[in-house]
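S.K.: Got a structure here, written out as structure tokens. Questions coming.
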DNA sequence: GTTAGCACTCGCGACATCGGACTGCTAACA
DNA sequence: TGTTAGCAGTCCGATGTCGCGAGTGCTAAC
């Protein structure tokens, strides 16, 4: 069932050629490219075998072969050898990411911009949920008798805020004492800790006495639940329009529609959160089934053991993994380093 | 120099037909559509005149006529008669805008979504700069010894925040007294008032004694200057790809590139701020020169005499102004009404 | 097992053709 | 004088044909 050495050589030659040109690869091309010293005719025999095994496809009878997703998966798992990113590219990324101001969202956006400009693909950045970040201050502001603005200020200058409609009016005095209580209790603890604490506290309260602060806890909880900022940044949409696979109006429209639906992108990127290092998702697998032609190279970025978010590029399946994987990897690491300085 | 009655009839027939079909209009078509009882031949004479005067163009010798921007301008100024938006559309817009939560950005985004779905064009929303909104609270949070987070909480639950690098370290105590000072002085005054006040104050200070609060004023000023949230929302990009004028890859790429450059969009929409009611900008005029094929229907939305922002649609020059202008107009008014309830 | 040779297939660009939708012009008409 | 029928002319775009080139699979010889 597994491939012979020669089959692997030929398959990888076909894939590499296809990555470069996006054009079906014929036996002549392979014969010229490989150093096996085989004639096109012999190559053809092997190619016929690979086609039978599902690694190659023919668009039509007299065309060359195109690698299938199965072939790309094989290539990624077994053939591809990654080399570290060259020094000058490292330099470029480090410089570009260093120039951003102190705002985290700026840095994330900039990372996306850098990535899309280097890769010439569409970049996507999933912003942190800040579970591991420490709380600096809680504020309540009474906007109207039954409308409270909750402001949670986190380390690194991150703000989570939410407007909450109350069923009962509250007095400003109450809000002040809520805030004092929470500040005393929670400042300098991480979001995750606070969440856990609130949960257990509320469970207890319901059975014991309804603490006068349970409402305060609820307000904080609700604010954590739905951060209202955008969580996915997309950049470089135009890049993908230059790819030869996107020539028909139909395919472009589908793609742009997909990129506009941020909630779907979010769920796609979310799948990468648990990965260690760069994860490559091909279009026919997992979360990307909506876009069978595409593939995603993405990596989580983690600060002090905490995975904050995901950064990556999305493009046609025949992307240049050999150079893009190191780029994504290094960008994720650099981003993590920069963010860790902020907290 | 001005057009005869007959020329106007024929020109408007051509424009209306072109708006519907996006296809060059021939003399037969006009003859059938108008109730003038003229033969195609007579129409042709008039069309030749209109062409000489710059109102019509021929893509090629044996094609029909296409209206020039000059013709559209004439149509908008002299021919178009607007009727009020039908009751059911009003209802729809009102309902859709009513369902949003208390967050202002949500409401703005929703307004954009409604507009793009009704108009089947690309919608753009310029978010308020909040000059007329009242301050509710000022907070300073020391993130690091020389990094301060300034948080300005405004009416309606709006937050302006900025991280500011200081040259000298400050102590938390100082920040607290800063905040107290500012809260006492500025709460419940509008952003515009505060800006004006700070400006005059700082001028005075420099010459007299350097008040210990001049730094606080500077911090607030800097925060006002650069709100870091996005200020332009774009929705319905896919709609415009269905328009027959966007068939070539080139034109699509240009368009999407233009829509990605938010700072340019911002400056385009900014031009509409001073207008009273709906303003139509054709591609060859003013701010839209970058996109000569397009036209913008936009209206400011004003609350209590204060113009907050702009909402509108952008599309090919041959948009259906007769029905879209009322839609934009009504959406802007409804948005204003909803926002005014928030403050 | 490898390879040269060959017949065959198919997509694609080049080229020609044709119909249709226009126009402008002219001459006749009310 | 304005209007209209008629007509020649123009141009686009759809359709059809053709040949080339790239590539294949098979066979027979090495």
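The values are calculated or read from the model by the stated rules, or taken from the named source; none is laboratory data. Quick caveat: nothing in here was measured; it's all calculated off a predicted structure. Cβ coordinates were reconstructed from backbone atoms using ideal geometry, including for glycine residues, and neighbour counts include every protein chain displayed.
S.K.: Looking at (1) within 14 Å of another protein chain (Cβ to nearest Cβ); (2) farther than 27 Å from residue B:248 by Cα, which one does residue A:270 not meet, given that it meets all the others?
M.R.: Tallying (1) within 14 Å of another protein chain (Cβ to nearest Cβ); (2) farther than 27 Å from residue B:248 by Cα, residue A:270 fails exactly one: (1).
S.K.: Among what's in the range B:21-37 and is without any contact (Cβ under 8 Å) to a residue 24 or more places away in the chain and more than 38 Å from the chain's Cα centre (by Cα), pick the residue that is surrounded by the most Cβ atoms within 10 Å (Cβ to Cβ).
M.R.: The extreme case among them is B:31.
S.K.: In this structure, is residue B:32 within 11 Å of DNA strand C (Cβ to nearest atom), at pLDDT below 90 and part of a helix (DSSP H, G or I)?
M.R.: When the stated conditions are applied, residue B:32 passes them.
S.K.: Check A:81, A:120 and return the single one that is within 14 Å of chain B (Cβ to nearest Cβ), more than 16 Å from DNA strand D (Cβ to nearest atom) and farther than 30 Å from residue A:191 by Cα.
M.R.: Checking each option against the conditions leaves just A:120.
S.K.: How many of the residues making up the range A:57-78 are surrounded by 13 or more Cβ atoms within 10 Å (Cβ to Cβ) and within 9 Å of DNA strand D (Cβ to nearest atom)?
M.R.: Qualifying residue count for the region: 4.
S.K.: Could you tell me whether any residue of the range B:38-49 is without any contact (Cβ under 8 Å) to a residue 60 or more places away in the chain, in contact with a strand residue (DSSP E or B) (Cβ under 8 Å, 6 or more places away or on another chain) and either more than 11 Å from DNA strand D (Cβ to nearest atom) or assigned by TED's automatic domain parsing to the domain that holds residue B:292 (or both)?
M.R.: yes
S.K.: Working carefully through the options A:176, A:151, find the one that is more than 8 Å from every other protein chain (Cβ to nearest Cβ), out of contact with any helix residue (DSSP H, G or I) (no Cβ under 6 Å at 6 or more places or on another chain) and at pLDDT 85 or above.
M.R.: Testing whether each residue is more than 8 Å from every other protein chain (Cβ to nearest Cβ), out of contact with any helix residue (DSSP H, G or I) (no Cβ under 6 Å at 6 or more places or on another chain) and at pLDDT 85 or above leaves just A:176.
S.K.: Any idea which residue in the range B:35-56 is nearest to DNA strand C (Cβ to nearest atom), counting only those that are under 20 Å from residue B:2 (Cβ atoms) and not in a helix (DSSP H, G or I)?
M.R.: Filtering first and then ranking leaves B:56.
S.K.: Which numbered condition trips up residue B:135, out of (1) within 13 Å of another protein chain (Cβ to nearest Cβ); (2) surrounded by fewer than 22 Cβ atoms within 10 Å (Cβ to Cβ); (3) touching a strand residue (DSSP E or B) at 6+ places or on another chain (Cβ under 8 Å); (4) more than 16 Å from residue B:337 (Cα to Cα)?
M.R.: Among (1) within 13 Å of another protein chain (Cβ to nearest Cβ); (2) surrounded by fewer than 22 Cβ atoms within 10 Å (Cβ to Cβ); (3) touching a strand residue (DSSP E or B) at 6+ places or on another chain (Cβ under 8 Å); (4) more than 16 Å from residue B:337 (Cα to Cα), residue B:135 violates only (2).
S.K.: Among the candidates B:129, B:202, single out the residue that is farther than 25 Å from residue A:145 by Cβ, away from chain A (no Cβ under 12 Å) and in contact (Cβ under 8 Å) with a residue 40 or more places away in the chain.
M.R.: Answer to the check: B:129.
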